[in-house]
Ligand SMILES: [Zn+2]
């Protein structure tokens, strides 16, 4: 059953977290589940680089600085966990402190990030972190997990001559700078930090400088618009602590903070005029609306009439105990429109629907029709409807795609339905497409927590 696939992914990532907490010495960090080959990573990276370079402005008039960054990157890549990829390192003149890696090697760093680094080791840290995302194949791992059932079809299409980017676009995977490929989970961030720390150490740089730099950006950024390091690389927490612990497990050696005249490159980078970011999360509506709080790992229980379920402790239930329905969302997950209507951009709705039929599939269809009457562009994602068992009762799980009220982007809704004496129980989990991978483990946990009385 397909639900058991989801369960398996969840357990694997839960185990990784547990392992990360309990093991200190040289834990083996390897690429996770992946339906792509390494060559397909490289092909996908090349194709998406073309798309990305139409969206961002790559710096071409600073040969000194460009060479410096390329050489620093190459030096790190050579001693990294996966030196076999064709890495490239380019500077982009976009607003915000950021860096990102495409599958198979293309790495981009914002000029502002270079200008913000305190020394060469900190810049090396960002590059080593990005190299590690490539080495661990996080982009295609994310896509493989999120679109497991459609990927083989897309790969088959690409093998018969189509472009990989084109095939993935057909099943709804956008590439370019807003791609799901660039939205990493906190587990992925943690692993990229650890592997990045090892790469830095191998090149002679003090790995703690990477963690320090990230934490500095974190406190300076504080979620402000324009500081986008947070959105592409969610903070796994305690970076300095776990990187310091990792360093203890490495062979002792003399570390350097890098070249003494780093300031020369830093000021050259600071002089590059930056663009207003063209990424669509910078558009009007998302600029006015703060990003919803990501779910905490701590859970609470909501007991409704006839059902109970767990929800992230930092989200708020809008409903009383024993109510037949509840909305649970982070404060910023609710979007109020000028005419007063409230929409959920991130969060959950659970309750009972009264269908005209007792047949699970027909009742679920009726609910989907009802949702579509309120959200006309909502539609089921092809191939993403499965039978599931919830607390001993038969249910269905459906993935829907629509338009997010949080700015100019799509949203994914994971709908769970179960036939119950009270009617059709439903749990709808909603997130913007760009955040879906980050919140998906929480959603799976919420779905598994559903109990009926
Ligand atoms: Zn990262």
### Message
Being farther than 25 Å from residue 439 by Cβ, within 13 Å of the ligand (Cβ to nearest atom) and modelled with pLDDT of 90 or more is true for just one of 128, 117, 124. Which residue is that?
### Response
128
### Task
Working carefully through the options 363, 348, find the one that is outside any strand (DSSP E or B), touching a residue at least 12 places away in the same chain (Cβ under 8 Å) and surrounded by 17 or more Cβ atoms within 10 Å (Cβ to Cβ).
363
### Message
With the condition being more than 20 Å from residue 130 (Cα to Cα) and at pLDDT 90 or above, I'd like the helices (runs of 4 or more DSSP H) fully within the range 166-264 carrying at least 1 qualifying residues.
### Response
239-249
#### Entry: Candidate set: the range 392-422, residues that are over 24 Å from residue 438 (Cα atoms) and crowded, with 17+ Cβ neighbours inside 10 Å; chosen: the one farthest from the chain's Cα centre (by Cα)
420
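Residues are listed down the side, and each one gets a yes or a no for (1) part of a loop (DSSP other than H, G, I, E, B); (2) free of Cβ contacts under 8 Å to residues at least 60 places away in the same chain; (3) at negative phi:
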{"site": "27", "(1), (2), (3)": "yes, no, yes"}
{"site": "34", "(1), (2), (3)": "yes, no, yes"}
{"site": "45", "(1), (2), (3)": "no, no, yes"}
{"site": "68", "(1), (2), (3)": "no, no, yes"}
{"site": "77", "(1), (2), (3)": "no, yes, yes"}
{"site": "86", "(1), (2), (3)": "yes, yes, yes"}
### Query
When you go through 133, 110 one by one, which is the residue that is in contact with a strand residue (DSSP E or B) (Cβ under 6 Å, 6 or more places away or on another chain), within 15 Å of the ligand (Cβ to nearest atom) and without any contact (Cβ under 8 Å) to a residue 60 or more places away in the chain?
133
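The values are calculated or read from the model by the stated rules, or taken from the named source; none is laboratory data. For clarity, every value in this text was computed on a predicted model and none was experimentally measured. Quick reminder, even Gly has a Cβ in these numbers, built from the backbone with ideal geometry, and neighbours come from all protein chains shown.
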